[in-house]
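The values are calculated or read from the model by the stated rules, or taken from the named source; none is laboratory data. Everything numeric in this text was worked out from a predicted model, so none of it was measured. So basically every Cβ, Gly included, is an ideal-geometry build from the backbone, and we count neighbours across all protein chains shown. Calculation scope for accessible area: heavy atoms of the full protein, side chains included, ligands and nucleic acids excluded. Shrake-Rupley method; radii C 1.70, N 1.55, O 1.52, S 1.80 Å.
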Amino acid sequence: MGSGCSSPSISLTSISAASPFQSQESPSNPLNFCSPTRFLEPHLLKSSKIFIPKSPLKCAEVHKMQTQVENSAKPIVDPHDIDPKLVQKLANDALVWCSLRGLLVGDRNSERSGTVPGVDMVHAPVALIPMSFPESHWKQACEVAPIFNELVDRVSQDGEFLQQSLSRTRKVDPFTSRLLEIHSKMLEINKIEEIRLGLHRSDYMLDEQTKLLLQIELNTISSSFPGLSCLVSELHRSLLQQYREDIASDPNRIPANNAVNQFAEALAKAWNEYGDPRAVIMFVVQTEERNMYDQHWLSASLRERYPTCNDRYISLAYNTHQVTTIRKTLAEIDALGELQQDGTLVVDGQAVAVIYFRAGYAPSDYNSESEWKARLLMEQSRAVKCPSISYHLAGSKKIQQELAKPNVLERFLENKDDIAKLRKCFAGLWSLDESDIVKDAIDRPELYVMKPQREGGGNNIYGEDVRDALLKLQKEGTGSDAAYILMQRIFPKISHSILMQEGISHKEQTISELGIYGTYLRNKTEVLINQQAGYLMRTKVSSSNEGGVAAGFAVLDSIYLV
């Protein structure tokens, strides 16, 4: 469940109109996760036709709707059929909307744009028309979000499982080794995280061959774009309403997206549970962050929605205190932070109630021992960590692969229906010590993706490079293969989109990836929040293996339910 799509550089896994996997029935073992033959089965889902109310849909509302065969919504108009003059009008209106509403990122061409707010801003890369998406799969993704939240929490509590599962990776991946070292220290001192906060995002692609919604990964650290994704949904709803006669699409088919406020709610409640109204929520950020406005939207929501403290444990005398956020880099935390005897973390003179990581997920965030010292200092504190070191490790790709093995989910979950729902969306995942799988990947590299324990876009290995990398690892024989996993390559449907980047719109053949946010908060044994919390849609040109939004490969999108 790698947190690799958590940074603004986001990877979209695969490209092709149809899967080269050939259909092969295996009714006796439909959930054989150790063999690629499980993924050769079509598993075609029956299409359903859904009645939609006229108000924007939330995920929770989707479950209450009745299936009606006679009332299926039509897919949104093919962007290639839209007149170029209309495309220009859409683009101009979208640019104005983005400027007025804060759908912005820092300009990549400006050095100051990643450090000084309000300087050299440009519109975020966006699609002009939302992407059609089957409502049955939307419902499925929403339904499993709370189950994945619970799974992460359960896995994070099993220190032995985390240490053993990542033991081989530790030997060849210095970054994972350092994370495990911190985790080991917490186990040694029996550090208990009574308040556990998760802001997650599970990413999926819809496989064209099998018609299955398959999970790419589950991000447990720095799940980005809860702020801007909400704005994209509003942008598309506004454009469809304004040009309803020209495009002939229903803006209410775009689900309501409230990710930023639901993230803010979880952070505010964790702050309340901490019990010190004078303490702050600290955003851990990178030294240069062109996606800072996505983060600032979250801070703004906290200020506006939670101006005073209404905690059940705190005296009414403290209700003049509002939720306050600060932004610090890892190096600043090392320089300005101290740990008091009672475990309180103080940074630059301010007690910290909640630590929200928007950095620290990649080796590039740790340029010296100073950053590692800051990470250990925070982990030793009694502040609520989002994520804690155990949550971070639970989101690694190797753990995702381990959980896909037979009978492993049963170690953490009791409900058989929940287990079946999770397994239904698992793609094929294998370690490189499975010789049959490695041989098949060498013979048919186009069917696999090779993933290292690295976060963000640009790290995965595709096509002939998979064969070359595997042969090189076999020749070296150093055990470095433990730093990688193999994943079934997903082949989503190719669609047509209008992408807008740097003020220029262009029609492209594209593929898309759906991310479903989840929020989870537990204090001791009481679960205070466990819910689906909005979504993120990203679309990129189908001919590109890379998919970073900030890097210019992909754009932010929304979904149109059909």
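Scanning segment 469-494 for residues that are under 28 Å from the mean Cα position of the chain (by Cα) and not hydrophobic (A, V, I, L, M, F, W, C) gives SER480, ASP481, TYR484, GLN488, ARG489, PRO492, LYS493.
Would segment 420-427 turn up any residue that is more than 30 Å from ALA554 (Cβ to Cβ) and part of a helix (DSSP H, G or I)? Yes, the conditions are met somewhere in segment 420-427. Taking each residue of segment 403-416 that is in contact (Cβ under 8 Å) with a residue 60 or more places away in the chain and under 15 Å from GLN164 (Cβ atoms) and looking for partners that are open to solvent by 70 Å² or more (accessible area, probe 1.4 Å) and charged (D, E, K, R) with beta-carbon atoms closer than 8 Å, six or more apart or interchain, yields PHE412/ARG154.
Residue under question is SER184, and the condition is that it be more than 18 Å from the chain's Cα centre (by Cα) and either surrounded by fewer than 20 Cβ atoms within 10 Å (Cβ to Cβ) or outside any helix (DSSP H, G or I) (or both); does it hold? Steps first, please.
Details: more than 18 Å from the chain's Cα centre (by Cα): yes; either surrounded by fewer than 20 Cβ atoms within 10 Å (Cβ to Cβ) or outside any helix (DSSP H, G or I) (or both): yes.
Judged against the criteria, SER184 is a match.
Output the residue which, of all residues in segment 543-559 that are open to solvent by 10 Å² or more (accessible area, probe 1.4 Å) and modelled with pLDDT of 65 or more, is nearest to LEU240 (Cα to Cα). Here the answer is PHE553. The set of residues in segment 382-422 being open to solvent by 20 Å² or more (accessible area, probe 1.4 Å) and small (Gly, Ala, Ser) consists of ALA420 alone. Residues that are buried (at least 20 other Cβ atoms within 10 Å of the Cβ), in a strand (DSSP E or B) and not charged (D, E, K, R) within segment 326-347 comprise GLY337, LEU345, VAL347, listed in sequence order.
Answer with yes or no whether ILE498 is closer than 30 Å to VAL77 by Cβ, touching a Leu at 6+ places or on another chain (Cβ under 6 Å), open to solvent by less than 30 Å² (accessible area, probe 1.4 Å) and not acidic (Asp, Glu).
yes
Considering segment 501-528, and only residues there that are open to solvent by 10 Å² or more (accessible area, probe 1.4 Å) and of a type in the set (Val, Ile, Thr), the residue that is farthest from GLY227 (Cα to Cα) turns out to be THR525.
A count restricted to segment 150-181 and to residues that are open to solvent by 10 Å² or more (accessible area, probe 1.4 Å) and assigned to a loop (DSSP other than H, G, I, E, B) stands at 2. For segment 120-143, the set of residues classified as open to solvent by less than 30 Å² (accessible area, probe 1.4 Å) and either in a strand (DSSP E or B) or free of Cβ contacts under 8 Å to residues at least 60 places away in the same chain (or both) consists of HIS123, VAL126, ALA127, MET131, PHE133, listed by residue number. Filtering segment 247-256 for residues that are free of Cβ contacts under 8 Å to residues at least 40 places away in the same chain, polar (S, T, N, Q), closer than 23 Å to ILE129 by Cβ and out of contact with any strand residue (DSSP E or B) (no Cβ under 8 Å at 6 or more places or on another chain) leaves an empty set. Per the listing ALA353, ALA374, the residue uniquely out of contact with any strand residue (DSSP E or B) (no Cβ under 6 Å at 6 or more places or on another chain), part of a strand (DSSP E or B), open to solvent by less than 10 Å² (accessible area, probe 1.4 Å) and in contact (Cβ under 8 Å) with a residue 12 or more places away in the chain is ALA353. What number of residues within segment 248-270 satisfy the criterion of being open to solvent by less than 10 Å² (accessible area, probe 1.4 Å), more than 15 Å from LEU521 (Cα to Cα) and either modelled with pLDDT of 95 or more or of a type outside the set (Gly, Ala, Ser) (or both)? So the count comes out to 4.
Scan segment 430-453 and tell me whether some residue there is acidic (Asp, Glu) and crowded, with 22+ Cβ neighbours inside 10 Å. Scanning segment 430-453 turns up no residue that is acidic (Asp, Glu) and crowded, with 22+ Cβ neighbours inside 10 Å. PRO75 satisfies every condition listed in (1) over 23 Å from the mean Cα position of the chain (by Cα); (2) surrounded by fewer than 20 Cβ atoms within 10 Å (Cβ to Cβ); (3) modelled with pLDDT of 95 or more except (3).
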